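**Q** Here it is: the structure, laid out below.
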Amino acid sequence: MLLQRISQNTPNFKLDNRLLNICLVMGLPLSMLFALDATYRGNIFDTLHWIRQYPKQFALSYVLMFGFINLFYILHRKIYTGIGVLFLSFFSIVGFISREKLILRGEPLLPWDLILSKEAMSISKAIDGNVQFMPLLLIGIITLILLGCIFLIPKENFRWRGKLAPSVLSLVILLSFYTGTISLEKSFSLQQINWSQKLNYDENGMLLGFILNTTYLAVEPPNNYQQDAIQQIIDQAKPSYTVDPNFKPNIIFVMSEAFWDPTLLKEVSFSEDPIPYFHYLQKTQTQGIMLSPVYGGGTANTEFEVLTGLSTQFLPRGVIPYVEYVRKPIEALPTALNQQGYETAAIHTYDNWFYGRNNVYKYFDFNKFISKEFFNNPEYNGQYIRDTELSKRILDEIQKTDKPDFIYAVSMQAHGPYSSEETEHRITTSGNLTKDSKAILENYTETISDVDQSLKLLIQGLEQINQPSIVVFFGDHLPMLGTNYDVYKEAHYFQDEITYEDYLNMHSVPFVVWDNFSDKKDKLRLSSNFLGSYVLKRAEKAGTLTTDFLSTLSAKGSSVIINNHHMEKEKISETDITDYQLLQYDLLFGDEYAYQFRPDHKPPINSDYVYGDGPPLIVSAASPHTGVIELEGENFTEEDQVYVNGQVVQSTFENPTRISISLPEGMKKSSEDLEIKLKLADSMGHVISESNIFKMASFSP
């Protein structure tokens, strides 16, 4: 080897060896940082521009990367270099993932995204066609080449004492930042841009921006958080309406995935109205604009705000409270309505575990959660259950119970991404759009046109049932129409969320409120955290501590909480914002002083919470002929597996009260009595429902 010959024949080898070590110590962290940032930004020139424009952030990022990799400098040089190459590859992949998320969702990779691994893997199956995998292949090839080059590095005269200083320095650097001895923001006057993670990473860089976000994983108490302050807030929080305990209408929320009105794109025309029934309700019922806290995804945050009245705007940008913070019972709409004699149910046409809803709904005091696993032979539209199935299930639930119903229903049919392939559609568009954007918009429009029919099915069904009912129909966020807001930009609807006007367009979704017991026809503008409070007022039902507080704000004309960067444009005082933050902290993170003053509002642990309509129950079993058993019972589902003596056997689902099973030959001849049990497992392999054990005599004498 050339380098080895040099090491053997050059008199100045010791000097060259020392220079090589210095190059590795200084060059590896630089290469790793450059790889991370360049793959995130998409090109080398933007990274060089960042270094010139923000040298302080670059230098600090370099110091942190130096501390990270040079912990391993004390090892043999080839091992140390190999570790460096692997980390170089790792950071390149992280940068690439962050860029792909930025393109698809408008936000880079955040610390709390790592907790959503299951959700990310599930959704990634739907967006494979929109992700470029060639860069990953290129990273892999370069990694293999660099690992091969390690064998060309000359051997060193290894003395660990001579390599101790850089490793100790690295340890000191990392411990100083980790323990808080050195505060990144205060010591170096860094700006953490919470209201826009894109700008945060643009200025601070991928590494520093990510690390700064980790400081917000633990939420600090607001100033003046104390018992007296909470008592004062609670004493002043009174509902601004009269409660009628004898009037109990069904209350139905339908949070329609990515439902939005594409005719708001004024520079685009449509061959026909894509959502005629929704537009009809806008003209004849209460309607308005709801400001969602998210764009293109993050459904659970809109849901969190609607159900609890709490605001994600007071939390770190991009956090999913369902995943990060909901670890105990929290007073929500189901809590209040359970106490008033309602049957409370959540229905979702997707996996029960998504966003941790299976646990969250129990903490919110729902009585039951009907997820995708409990839909028998549903009709699909693409890879998601059609929304008409959701409407039918809502109607079934209302007719099934003797009590008034509170139902929170979450659909999936219109979930993105929307194909950029041109296909024939009933509704076509015209306007100054590229070929891909036109196809994306038409594919989305075709989907929500069908969703519009599911809304019609629901309302017409409720009219036939003729029980007092109120329905709130709204989208959780705007659809992700193309990467990097392509359709919206080309139609000049918005560019990003920097300006107030663009922010409003990016987060405003239309909604309607239908009922069959009043002639109200309001026109509203509110953020999603105020929606529950408004509906309780319409239904004349007592609310939670939070909705009571929001009711007082609404009475003052304040019904919008948005991004802190634009909050000053809204009609809400600093005092009211401060009180809101204090109350939210107390209920979500603090000592729950509010429940001490109002113990009747303390949420219980719902021990009656069930999946579906409850666990399956085997009532009887009959054998019309040897080897075949017909089970009779209740709450059977299509996905139930039948176990006989602990072994899965072939079964046929006939209806929710009947399943037939075929025994294997060994069991037909066995003299052992049979123990039969049903189990239902979700897509993660977790058993979420199981029946009683039914014992039956064997076939063999």
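None of the figures in this text is laboratory data; all of them are computed from the coordinates on show. Not measured: the values here are computed from a predicted model. Reconstructed Cβ throughout: ideal geometry from the backbone, glycine too, with neighbour counts over all protein chains shown.
**Q** Please tell me which of these pairs span more than 24 angstrom C-alpha to C-alpha: 523/569; 328/403; 362/400? If you can, show how the numbers build up before the last one.
**A** Working: 523/569 20 Å; 328/403 27 Å; 362/400 21 Å.
Pairs exceeding 24 Å: 328/403.
**Q** Additional query: Once you have all Cα-Cα distances for the stretch 326-376, histogram them in 10 Å bins from zero and send the whole-percent values.
**A** 27, 51, 21, 1
**Q** Let me ask another. Only Lys, Arg, Asp and Glu count, each charged at its Cβ (+1, +1, -1, -1), so figure out the dipole size of the chain about its Cα centre, rounded to 20 debye.
**A** Approximately 2980 debye in magnitude.
**Q** Sticking with this structure for a sec: Can you quote the Å³ per residue value for the convex hull of the Cα atoms in the stretch 223-275, rounded to an integer?
**A** With only Cα atoms used, the stretch 223-275 gives 259 Å³ per residue.
**Q** Considering every pair of different Cα atoms, what Kirkwood radius, in Å, is found for the chain?
**A** Taking the inverse mean of 1/r over all distinct Cα pairs, the chain comes out at 28.8 Å.
**Q** If you take every residue apart from residue 74 with its C-beta less than 11 Å away from the C-beta of residue 74, what net charge results, scoring Lys and Arg +1 and Asp and Glu -1?
**A** +4
**Q** Rounded to two decimals, what is the ratio between the C-alpha radius of gyration of the stretch 615-696 and 2.2 N^0.38 Å?
**A** Expressed relative to 2.2 N^0.38 Å, the Cα Rg reads 1.02.
**Q** With a ≥ b ≥ c the root eigenvalues of the C-alpha gyration tensor of the stretch 536-668, is it rounded (a/c under 1.5), prolate (a/b larger than b/c) or oblate? Write down the numbers at each step before the final one.
**A** Values: a/c = 3.79, a/b = 3.47, b/c = 1.09.
Prolate, because a/c is 1.5 or more and a/b exceeds b/c.
**Q** Now a separate question. If each of residue 171 and residue 152 carries a label point 7 Å out from its Cα toward its Cβ, how far apart are those two points in nm?
**A** The answer from the label model is 3.5 nm.
**Q** Helix 387-400 sits at what angle to the longest principal axis of the chain, using alpha carbons and giving 0 to 90 degrees rounded to 10?
**A** 50 degrees
**Q** Kirkwood hydrodynamic radius (Cα pairs, Å) of the stretch 352-428?
**A** Numbers: mean 1/r = 0.0674 Å⁻¹.
Every distinct Cα pair counted, the radius reaches 14.8 Å.
**Q** With only alpha-carbon atoms counted, please give the Rg and Dmax of the stretch 227-601, in Å.
**A** 20.1, 64
**Q** Further question: Once the other residues with Cβ under 12 Å from the Cβ of residue 226 are scored (Lys, Arg +1; Asp, Glu -1), what is the net sum? Write out the running numbers ahead of the final one.
**A** Numbers: positive: none; negative: 228, 586, 591.
Net local charge, residue 226 excluded: -3.
**Q** Cα axis of helix 227-236 to longest principal axis of the chain: angle in degrees, 0 to 90, nearest 10?
**A** 40 degrees
**Q** Given axes a ≥ b ≥ c from the Cα gyration tensor, I'd like to know whether the stretch 496-562 is rounded (a/c under 1.5), prolate (a/b larger than b/c) or oblate. Let's see the in-between values first.
**A** Working: a/c = 2.68, a/b = 1.54, b/c = 1.74.
Judged from the Cα gyration tensor, the stretch 496-562 comes out oblate (a/c at least 1.5, b/c at or above a/b).
**Q** Beta carbons within 10 angstrom, averaged per residue: use that to sort the peptides 287-294, 59-66, 406-413, highest first.
**A** For the peptides 287-294, 59-66, 406-413, the packing ranking is 406-413, 287-294, 59-66.
**Q** Okay, moving on. Check the straight Cα-Cα distances from residue 438 and name the lysines below 25 Å, setting aside those fewer than 8 residues away within the same chain.
**A** Of all the lysines, those that pass the test against residue 438 - Cα under 25 Å, at least 8 places apart if same chain - are 101, 125, 266, 489.
**Q** Distance between Cα centroids, the stretch 43-75 to the stretch 636-666: provide it in whole Å.
**A** The stretch 43-75 and the stretch 636-666 have Cα centres separated by 60 Å.
**Q** If you keep only loop residues by DSSP, which chymotrypsin sites (Phe, Trp or Tyr not before Pro) in the stretch 194-252 have at most 12 other Cβ atoms within 10 Å of their Cβ?
**A** 247
**Q** What is the projected area of the convex hull of the Cα atoms of the stretch 188-316, averaged over all directions, in nm²?
**A** 14.2 nm²
**Q** Would you please give the FRET efficiency between residue 215 and residue 669, computed as 1/(1 + (r/R0)^6) with r the Cβ-Cβ distance and R0 = 60 Å, to the nearest 0.05? Provide the component values of the computation, followed by the final result.
**A** Values: r = 67 Å, r/R0 = 1.11.
Taking R0 as 60 Å, the efficiency between residue 215 and residue 669 is 0.35.
**Q** For the stretch 46-110, what are Rg and Dmax over the alpha carbons, in angstrom?
**A** 14.6, 43
**Q** For the stretch 292-383, what is the convex hull volume of its Cα atoms per residue in Å³?
**A** Roughly 113 Å³ of hull volume per residue.
**Q** With a sphere of radius 11 Å drawn around the Cβ of residue 627, what net charge do the other residues whose Cβ falls strictly inside it have (Lys, Arg +1; Asp, Glu -1)?
**A** Counting the neighbours of residue 627, the net charge comes to +1.
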